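Since the structure comes first, as structure tokens, the remarks are kept for the end.
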Amino acid sequence: MLDIIFFIKFYYMEHNIQDVFIAIQEKKAELKDLKSVCKQIQDNSAEFKEIEEKMKVLREKRKSVLSAIQSQCANEVTKIEDLKIDIESDQEMLNDIAMLKYTKGEPIEIKDKYDNEYEPVFSVKFKKSN
């Protein structure tokens with residue numbers, strides 16, 4: 001186990017954060033170019049266009065059937081939407097509490113009703129500052 005930790009530390013110490021960021025940007029640009037080429041080939045396919053049209057018609061039909069079904073269970077649909085909002089809010093609160101405990105150096109222990117233990121997973125994201 002210590003060998004793995006040493007390898008990870010050594011590997012990341014050898015790489016400058018800016019160099020890694022630039023490499024990611026270059027790979028994303030290459031990925032975008034490759035996807036563009038595939039999209040052009042896809043757009044030139046008559047068979048693909050035909051299938052897309054059929055799917056569009058089916059999506060519209062599905063949408064109307066789903067709308068009719070949802071009107072039959074309007075109370076349940078409202079409850080579903082409310083629960084989604086509540087869960088999202090509770091999840092945000094859980095994340096905030098976990099981060100607060102982490103910054104205080106306190107242990108973060110969570111168990112579900114079956115006694116399964118959960119541990120926090122933190123992630124770092126970058127966004128443009130301007």
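Annotations for the structure displayed:
- Scalar couplings 3J(HN,Hα) for the range 106-113, obtained by applying the Karplus form with A = 6.51, B = -1.76, C = 1.60 to θ = phi - 60°, are 7, x, 10, 10, 9, 10, 8, 5 Hz; x denotes Gly and Pro.
- Among the DSSP helices (H) of the chain, those spanning at least 27 angstrom by Cα along their long axis with an average Kyte-Doolittle hydropathy of -0.5 or more are 17-43, 74-103; this is a geometric and hydropathy rule only.
- In the chain, the DSSP-assigned H stretches of four residues or longer account for a calculated mean residue ellipticity at 222 nm of -26000 deg cm²/dmol, using -39500 (n - 2.57) per stretch and the full residue count as denominator.
- Size descriptor, Kirkwood hydrodynamic radius, that averages inverse alpha-carbon separations across the range 16-72, Å: 14.9
Values quoted throughout were computed directly from the atomic coordinates according to the rules given, and no laboratory measurement underlies them. Since the structure is predicted, the reported quantities are computational estimates derived from the model, not experimental observations.
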